[in-house]
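Undergrad: Here it is, the structure, as structure tokens.
The values are calculated or read from the model by the stated rules, or taken from the named source; none is laboratory data. Here the structure is a predicted model, which means the values were calculated and not measured. We place every Cβ from the backbone using ideal geometry, glycine too, and count neighbours over all the protein chains shown. To get the accessible areas, we keep the full protein, side chains included, count just its heavy atoms, and leave off ligands, DNA and RNA. Shrake-Rupley method; radii C 1.70, N 1.55, O 1.52, S 1.80 Å.
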Number of protein chains: 2
Amino acid sequence: MTIKAYGAYAADKPLEPLAIERRQPGPHDVQIDILFCGVCHSDLHTVRSEWGGTLYPCVPGHEIVGRVTAVGADVAGFAVGETVGIGCLVDSCQHCPSCAEGLEQYCENGFVGTYNGPTHEAPGHTLGGYSQRIVVDDKFVLKIRHPEDQLAAVAPLLCAGITTYSPLRHWKVGPGKKVGIVGIGGLGHMGVKLAHAMGARTIAFTTSESKREDAKALGADEVIVSRNPDEMAAHEGSFDFILDTVAASHDLNAYTKLLRRDGTLVLVGVPEHPHPSPDVSALIMKRRAIAGSLIGGIAETQEMLDFCAEKGIVADIEMIPIQKIDEAYDRMQKSDVKYRFVIDNSSLVE
Amino acid sequence: MTIKAYGAYAADKPLEPLAIERRQPGPHDVQIDILFCGVCHSDLHTVRSEWGGTLYPCVPGHEIVGRVTAVGADVAGFAVGETVGIGCLVDSCQHCPSCAEGLEQYCENGFVGTYNGPTHEAPGHTLGGYSQRIVVDDKFVLKIRHPEDQLAAVAPLLCAGITTYSPLRHWKVGPGKKVGIVGIGGLGHMGVKLAHAMGARTIAFTTSESKREDAKALGADEVIVSRNPDEMAAHEGSFDFILDTVAASHDLNAYTKLLRRDGTLVLVGVPEHPHPSPDVSALIMKRRAIAGSLIGGIAETQEMLDFCAEKGIVADIEMIPIQKIDEAYDRMQKSDVKYRFVIDNSSLVE
């Protein structure tokens, strides 16, 4: 079946309307008509091939909320009319140790991304959520239990939400822990909401004084303006865990030294230019660690969605029609969004 | 009391004989006549003030084995004639959270090093094991249970041994784990022996083909010459844990990418010039970590000594009289020692 989508034919071309094919649902497939799709920095990096390796035409989008419009004969868990989500993954090998543990994002044979991933179907790579419809194996479909009027704001949970939730859970953030979130953007604002909801003492780091009140409104118990050396120094050696959502190259030592013994700084963004080499003695002197974390597995993504539904957590969003996507990219690059753009996919028919 | 020692009066001066004072044992003190003292890279860095902050005269040495020759009135755990050890620490605050957990090396108020540490006694900083005698609070004295003929080779356990034992234990190295040890020198050769004795599949990394057989003799199940890209590539994503004992600046990515998901690369040496900035995507894509580790606490050092006594583990050493210390430093800088120099402290009386 042919559907409408928005995508780019080359790295130096703007996004434009295009027609793409979706497969007829197989026995294990769920067909989803897309309501909303969040706009992630990865979309922009991929469309413009800033990480290299982009296959064209490229249709981005991996923060998808929609309605089930058909299910395959062997699909037991989903029914037509249900509200569901698709995140960053649409397939994985299902038999390696990581898949067996429900950590499909670390699939030893390589997961299949929701866009720009390998597939036997035309055009040879997956096409994402800037489109009217998607057909996905039921193992990668998520249940959405938020109320109807929050569905647009649920979309960013599928990437920004799980990318911050997974490391917070893995490193056991909760009551009694002092947790820092660096960068109050698409990811960071979710990190603040989630860490707060998990019961941790949550401190937001921002470079701009202007975001201090905003960060408190998101749930931060305290806000540190990282350009203020005195504020930073007052917290030396006191954090159990710091989640750094800033992908731009920056000084990691500013944060490692705020960690207490056995504390961990987790990075979730890959900088275009390397961070300055972190100070090894800061790691040695307090057995600190710098680690990375990648999105989350399907089971954990469902757990995160249920946690957010129970706690009433959604992203703070600005809704756009697909026709404004280039403008949204430009504003996103300037951090001029609070805190995530979400596409109203009904605009695709205009 | 005045005793003989060997030390330096300035960063650019060679070590020479000097006379130093030791306190009369207080109620909690143990007086130890030193038999042997291992020669650690830190000794050289400190004597030459390569890390800055060295106080002179400087008497290095923190791998000390000796005999108890007097005990204070309140010392219950040690008796005259016993063989004991002193490692890198001779005091700590004893009341911070780290001290309370027996992790005196991470004392929040700063531990007192065996040399170049703060003390109220003359000359205002501690003086180490290149000396005839030392007087230490009984909390920092360790029992040596190795046979008499191994005592010289026990000395390096007090720093090189515990520096490798502590991270191997902390990150739960044991049967079923694949563990790498990078650098086969003073620290690394202990790392290989200890990881092997803990039951891990132990792989030694060395830059030189010539050390391949030596590393196997130490207990490595396999040896990888790190300059051979094919050998390295064959092990990608397969290590649970890698202990990197190389302090010189080098490419950490070569090792992080050998780690499996959730694996950790632990650094125990501070490079003079920073390592190239590690690749963040290698951390993110498999939730890997780079961490640091500092020596070990007193309880863990005793545990390590007992483990080594039980397993018959000592260092491979080359014994020297104190008069050859400058030559030993020169050779150590060229890695021309298998694998640790140990001073025969009886040479101080010559």
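Undergrad: Residues of the range A:244-280 being touching a Ser or Thr at 6+ places or on another chain (Cβ under 6 Å), hydrophobic (A, V, I, L, M, F, W, C) and more than 8 Å from chain B (Cβ to nearest Cβ), which ones?
TA: Once the filter is applied, which keeps residues that are touching a Ser or Thr at 6+ places or on another chain (Cβ under 6 Å), hydrophobic (A, V, I, L, M, F, W, C) and more than 8 Å from chain B (Cβ to nearest Cβ), the range A:244-280 yields A:L265, A:V266.
Undergrad: Looking for whichever is within 12 Å of another protein chain (Cβ to nearest Cβ) and either within 30 Å of A:Y130 (Cα to Cα) or not aromatic (F, W, Y) (or both) here; the options are A:L283, A:L305. Which one fits?
TA: Step by step, each of A:L283, A:L305 is checked, and only A:L283 is within 12 Å of another protein chain (Cβ to nearest Cβ) and either within 30 Å of A:Y130 (Cα to Cα) or not aromatic (F, W, Y) (or both).
Undergrad: Would the range B:23-30 turn up any residue that is modelled with pLDDT of 95 or more, of a type in the set (K, R) and either assigned to a loop (DSSP other than H, G, I, E, B) or crowded, with 20+ Cβ neighbours inside 10 Å (or both)?
TA: Within the range B:23-30, one or more residues are modelled with pLDDT of 95 or more, of a type in the set (K, R) and either assigned to a loop (DSSP other than H, G, I, E, B) or crowded, with 20+ Cβ neighbours inside 10 Å (or both).
Undergrad: Looking at the range B:45-62 only, could you name the residues that are buried (at least 19 other Cβ atoms within 10 Å of the Cβ) and among the hydrophobic types (A, V, I, L, M, F, W, C)?
TA: B:V47, B:C58, B:V59
Undergrad: Hey, could you check the range B:286-302 for residues that are touching a Lys or Arg at 6+ places or on another chain (Cβ under 9 Å) and open to solvent by less than 10 Å² (accessible area, probe 1.4 Å) and say which is farthest from the other protein chains (Cβ to nearest Cβ)?
TA: Ranking the candidates gives B:G296 first.
Undergrad: A further question on this structure: Give all pairs with beta carbons closer than 7 Å in which a residue from the range A:95-119 that is assigned by TED's automatic domain parsing to the domain that holds A:P60 meets a residue that is among the basic types (K, R); count only pairs at least 6 apart in sequence or on separate chains.
TA: A:S98/B:R261; A:Y106/B:R261; A:Y106/B:K286; A:Y106/B:R287
Undergrad: Moving on. Just for the range A:315-350: of the residues that are more than 16 Å from the chain's Cα centre (by Cα) and of a type in the set (A, V, I, L, M), which one is modelled with the lowest pLDDT?
TA: Among residues in the range A:315-350 that are more than 16 Å from the chain's Cα centre (by Cα) and of a type in the set (A, V, I, L, M), the one modelled with the lowest pLDDT is A:V349.
Undergrad: Another question about this same structure. Read through the list (1) under 22 Å from A:A309 (Cβ atoms); (2) in contact with a Leu (Cβ under 6 Å, 6 or more places away or on another chain), then give the number of the only condition that A:H170 fails.
TA: Failing condition for A:H170: (2).
Undergrad: Next up: Right, A:L35: of a type in the set (A, V, I, L, M, F, W, C), assigned to a loop (DSSP other than H, G, I, E, B) and surrounded by 16 or more Cβ atoms within 10 Å (Cβ to Cβ) or not? Steps first, answer last, please.
TA: Working: of a type in the set (A, V, I, L, M, F, W, C): yes; assigned to a loop (DSSP other than H, G, I, E, B): no; surrounded by 16 or more Cβ atoms within 10 Å (Cβ to Cβ): yes.
Against the criterion (of a type in the set (A, V, I, L, M, F, W, C), assigned to a loop (DSSP other than H, G, I, E, B) and surrounded by 16 or more Cβ atoms within 10 Å (Cβ to Cβ)), A:L35 does not qualify.
Undergrad: Is it the case that the range B:310-324 has a residue that's closer than 19 Å to B:A195 by Cα, in a helix (DSSP H, G or I) and of a type outside the set (F, W, Y)?
TA: yes
Undergrad: Could you please give the count of residues in the range B:98-129 that are within 14 Å of chain A (Cβ to nearest Cβ) and either in contact with a His (Cβ under 6 Å, 6 or more places away or on another chain) or closer than 21 Å to A:S281 by Cβ (or both)? Quick ask: steps written out before the conclusion?
TA: Keep residues of the range B:98-129 that are within 14 Å of chain A (Cβ to nearest Cβ), which gives B:98-111, B:113.
Adding the requirement that they be either in contact with a His (Cβ under 6 Å, 6 or more places away or on another chain) or closer than 21 Å to A:S281 by Cβ (or both) leaves B:98-99, B:103-111, B:113.
Total meeting the criteria: 12.
Undergrad: Of the residues that make up the range B:316-333, is at least one open to solvent by less than 50 Å² (accessible area, probe 1.4 Å), among the aliphatic types (A, V, I, L, M) and at the interface with chain A (Cβ under 9 Å from one of its Cβ atoms)?
TA: Looking for residues that are open to solvent by less than 50 Å² (accessible area, probe 1.4 Å), among the aliphatic types (A, V, I, L, M) and at the interface with chain A (Cβ under 9 Å from one of its Cβ atoms), one finds none in the range B:316-333, hence no.
Undergrad: Something else now. State all residues of the range A:334-350 that are under 24 Å from A:R67 (Cβ atoms) and surrounded by fewer than 17 Cβ atoms within 10 Å (Cβ to Cβ); if no residue qualifies, say none. I'd like the intermediate steps shown before the answer.
TA: Taking the range A:334-350 first, the residues under 24 Å from A:R67 (Cβ atoms) are A:340-350.
Answer for the range A:334-350, where residues must be under 24 Å from A:R67 (Cβ atoms) and surrounded by fewer than 17 Cβ atoms within 10 Å (Cβ to Cβ): A:D344, A:S346, A:S347, A:V349, A:E350.
Undergrad: Does the range B:128-148 hold any residues that are over 17 Å from B:F78 (Cβ atoms) and open to solvent by less than 10 Å² (accessible area, probe 1.4 Å), and which are they? Walk me through how you get there before you give the answer.
TA: Going residue by residue through the range B:128-148, those that are over 17 Å from B:F78 (Cβ atoms) are B:128-132, B:147-148.
Those that are over 17 Å from B:F78 (Cβ atoms) and open to solvent by less than 10 Å² (accessible area, probe 1.4 Å): B:G128, B:G129, B:Y130, B:S131.
Undergrad: I would also like to ask the following. Restricting attention to the range A:69-96, which residues are more than 22 Å from the chain's Cα centre (by Cα) and either of a type in the set (V, I, T) or open to solvent by less than 30 Å² (accessible area, probe 1.4 Å) (or both)?
TA: Hits for the range A:69-96 are A:T69, A:A70, A:V71, A:G72, A:V75, A:F78, A:V80, A:C96.
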